[in-house]
Amino acid sequence: MPSDASPEAGMIAAGAADDPVPGWVQAAAAGDAQAWDRLVERYAGLVWSVCRAHRMNAEDAADVSQLTWLRLLENLDQIRDPQRLAGWLATTCRRECLAFLRRSRSYTPVEEEHMGRLLGGAAAADRSVLAADQCATLWQAFLRLSEWCQRVLRALVVDAEDGPPSYRLVAAELQVPVGSLGPTRARCLSQLRKLLDNGGI
Amino acid sequence: MILLARENRAEMRIDAEGTMSAEDPPAREGTESASHLRGLDDEGLLAALREMLGQQGTAPGWSVELAKGSYGLRAIDTELAALTSDSELSTARSQLRADGGPRLVVFDAGALSVEIEIEPGNRAERWQLIGQLIPAGPARIQLRRGLRAEPAWVDADERGRFAVDDLVSGPLSLICVRQGQPATATAWITIG
């Protein structure tokens, strides 16, 4: 690891011991509303984007994401592997999306996987890079990155009002030298690939 | 119709366990998409992240608040009756439904099953529900409507039957309270 001034030494990958999610799940199951809030804040983007990747409008996405959260709520004390909560939520949300689409449109019933491909294909044709299942998979890997990598990558890709952010702006925002961003970006992306390697979910 | 739902239950249980179980998702799911994503170069991966984290990946504040607020709907000291059959999620049933039959939903807890039929009500966008508790017997039943409405109560009669009219669309869960038994909360479903 280069000795640049970024505050990231050893922070590229989050160790299992640093993962706050199991503690939040346990606390929320025991009645701690703040722990529940932390869970929602962490995974709201995942749930929402899985809904949107199924081409739902905001109103329908709201219904399905609410049902997904209620599903988690009723199963809080039965989540066996909280470190894989992202996978659980993504899978649950996808299933609720497909159920919703079956209910709301008079689809000819098809197998879920086939349907997922159809929907994914439609979304891809719709300028979208990500099909619904890819979106869920990418979220799961992304959330297993260190907080630092998540911040860096987020800052690098989320457009400002007037277009893509420059390295200079991102470096200023993160308070790191401009020169460190390239190597950090490369390390974080490589870590992300490794996490995708580890079985996706 | 309720009897039909019972006949299908064994077959549906497999489906429903896959659907609603709290267990980990199957490992094979996501493998294909993971290998596609891994194959992207840095720019491709960043483009995927841009899409994921951009507008589509940012839940609106009100939906985050709704999710946080739903914690208040946690059913405490109740046994969960899992969704084991839903005609709208079953291929065979959805074909039947095209004929306009009611939606049939079955929930099972260890000592109690709750079967409900949902049909369009007399007013537009309203629904009516009739239900059956098994084993049959009287109960107080609380209807929970997510955060959209205050919970309401209805009684099941000696034969375990109950009926509710004029339900609006949205989330629904029932808590059944029987004398001398632990309360049972059904899994959430969406009606409408």
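Odds and ends about this structure:
- A:GLN83 vs. criteria part of a helix (DSSP H, G or I), modelled with pLDDT under 85 and buried (at least 23 other Cβ atoms within 10 Å of the Cβ): no
- Only one of the numbered conditions (1) within 25 Å of the chain's Cα centre (by Cα); (2) at pLDDT 85 or above; (3) more than 7 Å from every other protein chain (Cβ to nearest Cβ); (4) part of a loop (DSSP other than H, G, I, E, B) is violated by B:LEU40, and that is (1).
- For B:ALA185: the one exception among (1) modelled with pLDDT under 95; (2) part of a strand (DSSP E or B): (1)
- Extreme residue, farthest from the other protein chains (Cβ to nearest Cβ), among residues of the range B:44-66 that are open to solvent by 50 Å² or more (accessible area, probe 1.4 Å) and charged (D, E, K, R): B:GLU65
- All of B:GLU158, B:GLU150 fail the test of being open to solvent by 60 Å² or more (accessible area, probe 1.4 Å), at pLDDT 95 or above and in a loop (DSSP other than H, G, I, E, B), apart from B:GLU158.
- Cβ pairs under 7 Å, 6+ apart, first in the range A:161-177 and over 17 Å from B:GLU43 (Cα atoms), second modelled with pLDDT of 85 or more and in a loop (DSSP other than H, G, I, E, B): A:ALA171/A:PRO177
- In the set (1) open to solvent by less than 10 Å² (accessible area, probe 1.4 Å); (2) modelled with pLDDT of 90 or more, the condition left unmet by B:GLY170 is number (2).
- Residue in the range A:54-67 that is more than 8 Å from every other protein chain (Cβ to nearest Cβ), outside any helix (DSSP H, G or I), modelled with pLDDT under 90 and within 24 Å of A:LYS194 (Cα to Cα) present: no
- Test: A:TRP139 is crowded, with 19+ Cβ neighbours inside 10 Å, at pLDDT 90 or above and under 19 Å from the mean Cα position of the chain (by Cα): no
- Condition check for A:ALA99: modelled with pLDDT of 80 or more and more than 23 Å from the chain's Cα centre (by Cα): no
The values are calculated or read from the model by the stated rules, or taken from the named source; none is laboratory data. Nothing here was measured: the structure is a model prediction, and the numbers come from that model. So basically every Cβ, Gly included, is an ideal-geometry build from the backbone, and we count neighbours across all protein chains shown. Surface areas here come from the heavy atoms of the whole protein model, side chains and all, with no ligands, DNA or RNA. Shrake-Rupley method; radii C 1.70, N 1.55, O 1.52, S 1.80 Å.
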